[in-house]
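> One structure, as C-alpha cells, below. Some questions next.
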Amino acid sequence: ACGDIPEQIRSPSGTITSPGWPSEYPARINCSWYIHANPGEIITISFQDFDVQGSRRCSSDWLTIGSYKNIEGYRACGSSIPSPYISSQDHVWIRFHSDDSISRKGFRLAYFAGKSDEPSCDCDQFHCANGKCIPESWKCNNMDECGDNSDEEICAKANPPTASSFQPCANNQFQCLSRFTKLYTCLPESLKCDGNIDCLDLGDEIDCDVPTCGQWLKYFYGTFSSPNYPDFYPPGSNCTWLIDTGDHRKVILRFTDFKLDGTGYGDYVKIYDGLEENPRRLLRVLTAFDSHAPLTVVSSSGQIRVHFCADKVNAARGFNATYQVDGFCLPWEIPCGGNWGCYTEQQRCDGYWHCPNGRDETNCTMCQRDEFPCSRNGVCYPRSDRCNYQNHCPNGSDEKNCFFCQPGNFHCKNNRCVFESWVCDSQDDCGDGSDEENCPVIVPTRVITAAVIGSLICGLLLVIALGCTCKLYSLRMFERRSFETHLSRVEAELLRREAPPSYGQLIAQGLIPPVEDFPVCSPNQVRFQNN
C-alpha cells in the first residue's frame, strides 16, 4: 500500500493499519488503499486506534477517506479517535501521509461492506433500525456505525448486571464475572493469581506477580509455548527463550499456532538473530495481526532469542512453536532428500510443495504419473504447468512456493514466478520488489522525447533571438554611419568658409558709413587683425 500502486481490497470486511502499527510509522511515506465492494453496497469504516501527529489543518501527517482518488472527503490527525465513516458509493479511497518530522503509533481501522437495507442479518451481526447490518462487536462501543445511532441506543436502555445486584461472597471468596457463563459468581480466593483466567474482566489475574517463564534450549530441535497454552496466558507475562543448538547452521523457527491479544498496548513476540537483545539483529516482531499459522522465521546462525511480552489489559490463547537446525528433520518428519528440508505425513499430497524438489507431492494416488495434485480434491497438473505464472489450479497452488521457475520466467525472492519480460519495467510484479532490484538506470522514452522536443524549441528560440539581435545591431550601425557622414560634410563646409569681418573693419574699409562715436580701427589695427 505504501508503494506507487494502491492496495486493492475486495474482501467484504477486514482491518487496515498504518505501517509498523502498533510501533511508530516511518517518516516520509505515502500509502493508499482502495476498497471496492459489490455493486449496490456501502462501506462503513470504524476506527479502533488512532494516534497521528497533529498539526494546523492536519498539514503534517494525515489520513484521508473519500469516494475519489484525488478529492478529499474526510481528513483526520491527532490522537482523538475519529467518528465512523459511511460511504455513499460502493468504493472508498484511504490515503495516509507522513512528513519527515514526528512519528506516532499510527492507526488501526476496521471496515465492513454491505447493503444499506437488509431484511435480516447473520447471527454474528447486528441489525440496525435503518435496515443496515454491522458486526456484532461494533454494538455498544460508543461509535455510531449504523448511522442512526440504533447500535448505541440499545445500550442505554439495557440494564447490565452489576456486582452490587448480587449477594456478598464469603470471606474466602471473591466476586467475579465468569468468563464462561458471562454471569457474576463467587469463586474461591485460591483461584486468584493462579495463572489461569477465570473472570471476564481479568480481575483474578491483574496485579499479580508475573509468573516465571522461558527456557534455555540446547538441542538440535525442540518445542516451546506461551504460559498455560492452549489456555489463555496470564496478563503481564514476560518470557524469554534462548535457543543455542551448538551448530553453525541456520535455525528454522516455526509457530504452528499463534494468537495474541491486540487490545491495550498490544502483546508481541520479538525474535532476534543471536542470543543478545540487539535491535540491529531483530528478525521480526509478531503481534495480534500475525494470528495465522504457520509462521516461519530463519536465523543466520545456530542461535535465536525469542522474547514474549504481554500487557495487563487482556490475554489470548498464545502460541506453540517448534525449532530445528536447517537440514535436520524432527523425529516425526520425513526428509525431502539431499539438503532440501523435511515434511510431515499430514503435508504429503496436500497440493503445497514443502520440498523444493516436490518429493512430498509425487506419486499421489489421485494423480497420474508425473502429475501433481492441486489439493486433495482430485485436480492435478503436469510438471510443465508448475511455476510458469499461469494458474492451472483453482486455488493457485501450482504457483505457490516456487523454488524454481519454468524457462522464460523470473524467480522472485518470495518464491513467486513472473515473466522475464516484466523484469526492470518499473512495476513491482513480484510483490516484494525483487524484480526491480539492481536494474540499470534507463530513462523512459517519454522523458527522452520530451527532452528532445524541449531542446529543439529552445534552439529555435535561440536562433530567433540571435537573428533579432543581429537585425537590431545592423539598423543601429546604419543610423550611426548616416549621422556621422552628415556631420562630416557640414563640418567640412564650415571649415572652408572664412569668418565674416567685424563691424569696425567694415567701417574702416569704407564699406559702410561710420556711426557717430563708434570706435574705428586704424589701418594698422586692421592690418594687424587681418594678419
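> Considering only the range 284-326, state which residues are among the basic types (Lys, Arg) and touching a residue at least 40 places away in the same chain (Cβ under 8 Å).
Going through the range 284-326, the residues among the basic types (Lys, Arg) turn out to be 284, 305, 312, 317.
Across the range 284-326, the qualifying residues are Arg305, Lys312, Arg317.
> With respect to Ala315, determine if the residue is among the small types (Gly, Ala, Ser) and part of a strand (DSSP E or B).
Against the criterion (among the small types (Gly, Ala, Ser) and part of a strand (DSSP E or B)), Ala315 does not qualify.
> If we keep just the residues of the range 106-117 that are hydrophobic (A, V, I, L, M, F, W, C) and over 23 Å from Asp4 (Cα atoms), which is surrounded by the fewest Cβ atoms within 10 Å (Cβ to Cβ)?
For the range 106-117, the residue satisfying everything is Ala110.
> Just need a number here: residues in the range 179-192 that are modelled with pLDDT under 75 and open to solvent by less than 80 Å² (accessible area, probe 1.4 Å).
1
> If we keep just the residues of the range 88-111 that are among the small types (Gly, Ala, Ser) and out of contact with any Phe, Trp or Tyr (no Cβ under 7 Å at 6 or more places or on another chain), which is nearest to Ile42 (Cα to Cα)?
Ser88
> Among the listed residues Ser103, Ser165, Ser79, which satisfies the condition of being closer than 26 Å to Ile5 by Cβ and modelled with pLDDT under 85?
When all the criteria are applied, what remains is Ser103.
> Would the range 322-332 turn up any residue that is in contact with a Gly (Cβ under 9 Å, 6 or more places away or on another chain), open to solvent by less than 20 Å² (accessible area, probe 1.4 Å) and among the acidic types (Asp, Glu)?
No, that holds for no residue.
> Of everything in the range 365-388 that's part of a loop (DSSP other than H, G, I, E, B) and touching a Lys or Arg at 6+ places or on another chain (Cβ under 8 Å), which residue is surrounded by the most Cβ atoms within 10 Å (Cβ to Cβ)?
Met366
> When you go through Lys218, Lys250, Lys259 one by one, which is the residue that is open to solvent by 10 Å² or more (accessible area, probe 1.4 Å), outside the structural domain of Thr15 (by the TED database) and free of Cβ contacts under 8 Å to residues at least 40 places away in the same chain?
Exactly one residue qualifies, and that residue is Lys218.
> Which fully enclosed strands (runs of 3 or more DSSP E) of the range 1-104 have 3 or more residues being open to solvent by 20 Å² or more (accessible area, probe 1.4 Å) and farther than 30 Å from Lys270 by Cβ?
Where strands (runs of 3 or more DSSP E) fall fully within the range 1-104 and carry at least 3 residues being open to solvent by 20 Å² or more (accessible area, probe 1.4 Å) and farther than 30 Å from Lys270 by Cβ, they are 91-98.
The values are calculated or read from the model by the stated rules, or taken from the named source; none is laboratory data. Bear in mind that the values here come from a model prediction, so they are computed numbers and not experimental data. Cβ atoms come from the backbone with ideal geometry, glycine included; neighbour counts cover every protein chain shown. All accessible areas refer to the heavy atoms of the entire protein, side chains included, with ligands and DNA or RNA removed. Shrake-Rupley method; radii C 1.70, N 1.55, O 1.52, S 1.80 Å.
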